[in-house]
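Reading through the structure tokens given below for one structure.
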Number of protein chains: 4
Amino acid sequence: MAARLNVALVGAGLMGSFHAETLAHRLPRARLATIVDANEAAARALIDQLELDDTRYEPDAATAFADASIQAVAIATPARFHAELIVAAAQAGKPVFCEKPLSHSLAEADRAIEAVAVAGTFLQIGFQRRFDRGFQRARQAVEDGTLGPVHLVRSITRDPAVPRPEGPLPWAIFLETMIHDFDVLRWLAGSEPTEVSAMGASIGWGDDPASGLLDTAVCTIRFANGALGTSDVSFNGAFGYDVRAEVFGPGGMAAVGDGRDDSASFYTAAGVTRAHSAWFKPMFGEAYARELEHFVECARTGTTPAVTGKDGRESLRMALAAIESTRTGRSTPLPG
Amino acid sequence: MAARLNVALVGAGLMGSFHAETLAHRLPRARLATIVDANEAAARALIDQLELDDTRYEPDAATAFADASIQAVAIATPARFHAELIVAAAQAGKPVFCEKPLSHSLAEADRAIEAVAVAGTFLQIGFQRRFDRGFQRARQAVEDGTLGPVHLVRSITRDPAVPRPEGPLPWAIFLETMIHDFDVLRWLAGSEPTEVSAMGASIGWGDDPASGLLDTAVCTIRFANGALGTSDVSFNGAFGYDVRAEVFGPGGMAAVGDGRDDSASFYTAAGVTRAHSAWFKPMFGEAYARELEHFVECARTGTTPAVTGKDGRESLRMALAAIESTRTGRSTPLPG
Amino acid sequence: MAARLNVALVGAGLMGSFHAETLAHRLPRARLATIVDANEAAARALIDQLELDDTRYEPDAATAFADASIQAVAIATPARFHAELIVAAAQAGKPVFCEKPLSHSLAEADRAIEAVAVAGTFLQIGFQRRFDRGFQRARQAVEDGTLGPVHLVRSITRDPAVPRPEGPLPWAIFLETMIHDFDVLRWLAGSEPTEVSAMGASIGWGDDPASGLLDTAVCTIRFANGALGTSDVSFNGAFGYDVRAEVFGPGGMAAVGDGRDDSASFYTAAGVTRAHSAWFKPMFGEAYARELEHFVECARTGTTPAVTGKDGRESLRMALAAIESTRTGRSTPLPG
Amino acid sequence: MAARLNVALVGAGLMGSFHAETLAHRLPRARLATIVDANEAAARALIDQLELDDTRYEPDAATAFADASIQAVAIATPARFHAELIVAAAQAGKPVFCEKPLSHSLAEADRAIEAVAVAGTFLQIGFQRRFDRGFQRARQAVEDGTLGPVHLVRSITRDPAVPRPEGPLPWAIFLETMIHDFDVLRWLAGSEPTEVSAMGASIGWGDDPASGLLDTAVCTIRFANGALGTSDVSFNGAFGYDVRAEVFGPGGMAAVGDGRDDSASFYTAAGVTRAHSAWFKPMFGEAYARELEHFVECARTGTTPAVTGKDGRESLRMALAAIESTRTGRSTPLPG
């Protein structure tokens, strides 16, 4: 009889709440032992809402990490806390799952990666698209040679239009959102970027683009194996959440992400209509569960996960290069 | 803090195993307390495989039903045991979930329904298609008047080709498989059948059709509200599991069931290809979870479920009428 | 330099006008030499509208058929005139294209077929679905064995809702509309029917079904090779014109008829919407041109066409059997 | 009775042959009076193949343009001859249809536009995508405000892999192919470009990218109204010809170009497969006919066409800017 892996979750916000539900109720081999959040009310509300009768609240991450019964740590705080928390968890000897982006700073990313290496644990970054079955089949068509060497790759994100957060984060479109696309592009291209060129705009928000408060961005990337990539992101999706990718080679193309919400179509005088995924749970609910299942399995078996700190670091490099390119109006080289 | 509902599951075969996994690991408010099966090895293997450390094995259903800690019963045995088990569970005062078909005999179906009524508990039949989000949206378009009065309705099933079971059940194509379609047709038509006409064949199997060992069948139904329906079923699906429905009225049509396995498409010299659902779990995994979630919620709150013994009985009437029609070569009237 | 084939068209109504346009402007090898119609105003209006400067009007079919410069005849009158016109054209030695249905009477159909045989010309029936590239690819998958022996076949038609014609024709749903489906079913099954069972209703129109003024019908057919078929037809299509077919065997299924009007999809807060074919020209415009091109080519080369009088006769037999079945409530045997 | 417009076609190559067929056989109001080509054998073979009994061959364009019976000119030569021919035809007072690109040189483009203006005739450029019904519906959604102000626009082309032509044209990927996408992007964005950034590669061909012999390119564009655009082009399409576009605003998105070849889908053990358009005729055959129909109608009525020399010039500016960007590694500003 297998015991459940005791996980401490840091962060009870949007993603933290979703991971809490997955860890508590969808993964037979995990137990959500502890929720850490400075906001005690939020954490306790989450515990109540999910009817978690054996999950503790703990205000302090260090205390939770020091708890010998805790076997793994999942981090879902804002990005500015990631590196520090990863270092602390690693020093406590725990394997760490951390939401994307790994960090907004390469130096901090390196510090986190180093701490994990020194501690001999591991770090998995929350690029859930890699755990979507459709995305995985696209990647498989690259790996098994069906498509031949990759020539073109595309990844897009259109987030549903929501009021802009207060105190918005400059350059979030690259650092927080297109970071997903950067990871997908690297993964599908099977190669590292050598050059990044980007343009950004603040069309719906109407901000000065120099502020970094962009709601629209496009990017092109050259990869070491010759492949070219594009990405576009918008925060003004009227029809929901739109995430798609394509990978194209001389053998053909894989396209993924149809946005279908269910299998029903309606035929009326207005035409043929189907529902579109409103937000990330219908589209990636299963992928989020599978990434945490993978983390739990790696933690139980001492295996290195499929998405590591290096993936977090390289996608961050691409985001920083894209920011530089929007500022300089020229492509940013990424030395190998 | 909500306690979990203690459920006793009877039957550890194909569907029982799947329901066990759902009850044990996917429903936060349920606890799979007991598994009953005459085949102890099968039940224990299931308990091991699902890593169930607080689920008991119990050889005898009556004992399980008599256990005061058991709050609800789920039945997933062959159909010939259904009525008797329902009666026993009802007499023990438990709410009952029972896989389709309710029975192969109207008299037994009536006995089961009567016992439940007398006991004041309830009976839910496992027509999971009603819990698929796509099917529900189609039904919604009927209910909200989008489609207008129903004129035509269609439901089909094509099971993946598998070796025919040993000791095959005569007329299973109507009693065990098209029974799903009969339920969907009634539900989407929003009316009761008045006339059923059917043809059957044993094309791949090559049996004498008079034996009832059919692998192919078509059926037409007239409903009291004037609507006409069709269904076709085959056991020889080369491309997996195909379940679809359409409902058509003067306002338009809802079509449901696209069989997509994931969101990836592959473009090669052979054309554009996507994967098709191989069997029922990819297509209806979520619907199966939602039907049991509904059962658990009804049991916790004392609510009558959305699919009752009456639905089991009426679909059985249609199956029996279809069998008669294939024998007589004329349509079978179903008096109101 | 190839001369154009001089064609006389009889009938300047809905289908006649459409065939006139095709013969005059879409087929390089045909010349629309003469239009015959008792209604001179209609014929002359058509000639004007299509800007036909070398097309004659002729009130009398016999005169047109006797004209030695006329090399082929196309008939697009109401069905009650078909047989007589075919006989006359055949006796004048002309190859004949005739719109479906060949006739409403088996005796008349036989008379027309016989006259053509005696004259040594040929007769092509206007089952244009057979010339649609999608339908042809489905048939090809039957012929080349991809699907294996046919088990199930389906064909449907939903005509757009239009005011019912004055002086409506009883049983038109079978004789004029489902006749298309009967032809497709025979063609895709690759076999002749042995048994037909049908139900009809007058749901939107509200007529007495015994009058034959049906707006809704379903039908099941058994074929000599064992295959079973279904068809459903409605005259109340809110979303346009819907024609589809499926053919299923142990090797898989071909499905045809997606109703797409163009390649655009619109993603809005209401979901994802595409336009649906409003009526038969967008869906089958190319097929209609190809069937006449085939006719012209056969006439130029003396080849027997792919769809002959026999196909017209057998589909009529199925329609008559379906009418009988709706009257008797039992399936109608069709002796081989 | 309307007379047909006498058109002289210059160029009997790939596109010239296709336009010849359209002018001769698909447009009731046009007559292909003359074919001009230095290659007499090619022109005469085309006349034979299309069975054109009243089309003249003429070796010299000037002679054809001087012919008073010629009412309009269509040019389908290599681009290096376009400007000179346009000037000559304009000076002869004829309206001109010219295949894309207008020219490879802005100076020549200006000279052609000027000559047309001076002559008071008109010039239509062969951007046939604008005449595709799907593309037109996408544009309509921009014009009618459904999508709101445009934020993102995408256009792609993937040509089927074919042996590279001998004496390949440097930068053809931008000048000859992505020129289509540039036109679509301007048209869908409803705005002029202010900045173009591009990357190119020669992945399959293996040439030095500095030679301009690219088989792969990506491009991003900023428009004056704030919209951002992307395009990608490959010459290595294994699955046929792939042309798609998307336009996205706060009201939603229109996506066009599904590549369907017909309406059939095949369900087998390998999944669900449909055919993809192999090359441009299945996808754009109707659009090519409609653009020439538009030209003929404009010539008959003296109307300015919907796609003019200005559109040819602006798309050329974008192509030249993209070439410069691939050379400099920075975005090329396009002053308004």
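A few notes on this one:
- Residue match in the range B:133-154 (condition: closer than 23 Å to B:Gly240 by Cα, open to solvent by 60 Å² or more (accessible area, probe 1.4 Å) and facing another protein chain (nearest Cβ under 8 Å)): yes
- A:Glu99 falls short on exactly one of the conditions (1) touching a strand residue (DSSP E or B) at 6+ places or on another chain (Cβ under 9 Å); (2) within 30 Å of B:Asp53 (Cβ to Cβ); (3) surrounded by 16 or more Cβ atoms within 10 Å (Cβ to Cβ), and that condition is (2).
- Of note, B:Phe266 satisfies the criterion of being within 14 Å of chain A (Cβ to nearest Cβ), without any contact (Cβ under 8 Å) to a residue 24 or more places away in the chain and crowded, with 24+ Cβ neighbours inside 10 Å.
- Among the residues of the range A:175-195, the one identified as surrounded by fewer than 24 Cβ atoms within 10 Å (Cβ to Cβ), free of Cβ contacts under 8 Å to residues at least 60 places away in the same chain and assigned to a helix (DSSP H, G or I) is A:Thr177.
- Test: residue in the range B:300-319 that is open to solvent by 20 Å² or more (accessible area, probe 1.4 Å), of a type in the set (A, V, I, L, M, F, W, C), more than 30 Å from B:Glu21 (Cβ to Cβ) and not in a loop (DSSP other than H, G, I, E, B): no
- Checked against (1) in contact with a Cys (Cβ under 8 Å, 6 or more places away or on another chain); (2) on the phi > 0 side of the Ramachandran plot, A:Gly240 passes all but a single condition, namely (1).
- The set of residues in the range C:269-294 that are assigned to a helix (DSSP H, G or I) and away from every other protein chain (no Cβ under 11 Å) comprises C:Phe280, C:Lys281, C:Tyr288, C:Arg290, C:Glu291, C:Leu292, C:Glu293, C:His294.
- Condition met for B:Arg111 (open to solvent by 10 Å² or more (accessible area, probe 1.4 Å) and more than 13 Å from the chain's Cα centre (by Cα)): yes
- For A:Leu32, the conditions (1) surrounded by fewer than 23 Cβ atoms within 10 Å (Cβ to Cβ); (2) touching a helix residue (DSSP H, G or I) at 6+ places or on another chain (Cβ under 8 Å); (3) closer than 27 Å to B:Glu51 by Cβ are fulfilled apart from (1).
- Close contacts from the range B:75-94, counting a first residue that is closer than 17 Å to B:Glu176 by Cβ and a second that is among the charged types (D, E, K, R), with Cβ to Cβ under 6 Å and a gap of 6+ residues or different chains, come to B:Ala76/B:Glu99; B:Ala83/B:Glu108; B:Ala83/B:Arg111.
- Scanning the range B:320-329 for residues that are more than 20 Å from the chain's Cα centre (by Cα) and either assigned to a helix (DSSP H, G or I) or among the acidic types (Asp, Glu) (or both) yields a count of 5.
- Cβ pairs under 7 Å, 6+ apart, first in the range D:307-336 and within 14 Å of chain A (Cβ to nearest Cβ) and farther than 18 Å from D:Leu188 by Cβ, second among the small types (Gly, Ala, Ser) and surrounded by fewer than 19 Cβ atoms within 10 Å (Cβ to Cβ): D:Arg330/A:Gly329; D:Ser331/A:Gly329
- Top-ranked residue in the range D:196-227 [being surrounded by fewer than 19 Cβ atoms within 10 Å (Cβ to Cβ) and closer than 15 Å to A:Ala201 by Cα; ranked as nearest to the other protein chains (Cβ to nearest Cβ)]: D:Asn225
- Every pair of residues 6+ apart whose Cβ atoms lie under 6 Å, when the first sits in the range B:46-65 and is more than 10 Å from chain A (Cβ to nearest Cβ) while the second is at pLDDT 95 or above and open to solvent by 60 Å² or more (accessible area, probe 1.4 Å): B:Tyr57/B:Arg44
- Taking the criterion of being of a type in the set (D, E, K, R) and not in a loop (DSSP other than H, G, I, E, B), the residues of the range D:119-145 that qualify are D:Arg129, D:Arg130, D:Arg133, D:Arg137, D:Arg139, D:Glu143.
- Some residue of the range B:115-125 being of a type in the set (S, T, N, Q) and crowded, with 17+ Cβ neighbours inside 10 Å: yes
- Across the range A:231-251, the qualifying residues are those that are crowded, with 24+ Cβ neighbours inside 10 Å, facing another protein chain (nearest Cβ under 7 Å) and not charged (D, E, K, R), and the one among them that is nearest to C:Val243 (Cα to Cα) is A:Phe239.
- When D:Thr273 is tested against (1) open to solvent by less than 10 Å² (accessible area, probe 1.4 Å); (2) over 23 Å from the mean Cα position of the chain (by Cα); (3) among the hydroxyl-bearing types (Ser, Thr, Tyr), just one condition goes unmet, and that condition is (1).
- Selection of first residues in the range C:1-28 that are of a type in the set (Lys, Arg) and of second residues that are at pLDDT 95 or above and assigned to a loop (DSSP other than H, G, I, E, B), restricted to Cβ pairs under 9 Å at least 6 apart or on distinct chains, gives an empty result.
- Scanning the range D:45-78 for residues that are under 24 Å from D:Ala112 (Cβ atoms), hydrophobic (A, V, I, L, M, F, W, C) and touching a strand residue (DSSP E or B) at 6+ places or on another chain (Cβ under 9 Å) yields a total of 9.
- Residue check for D:Ala41: at pLDDT 95 or above, closer than 22 Å to D:Glu297 by Cα, out of contact with any helix residue (DSSP H, G or I) (no Cβ under 9 Å at 6 or more places or on another chain) and surrounded by fewer than 20 Cβ atoms within 10 Å (Cβ to Cβ): no
- Remark: A:Phe235 falls outside the filter, which requires a residue to be outside any strand (DSSP E or B), of a type in the set (Phe, Trp, Tyr) and modelled with pLDDT of 95 or more.
The values are calculated or read from the model by the stated rules, or taken from the named source; none is laboratory data. Just so we're clear, the structure is a prediction, and the values are computed from it rather than from any experiment. Glycine gets a Cβ as well: all are built from the backbone with ideal geometry, and neighbour counts include every protein chain shown. Quick note on the areas: whole protein, heavy atoms, side chains included, nothing else; ligands and nucleic acids left out. Shrake-Rupley method; radii C 1.70, N 1.55, O 1.52, S 1.80 Å.
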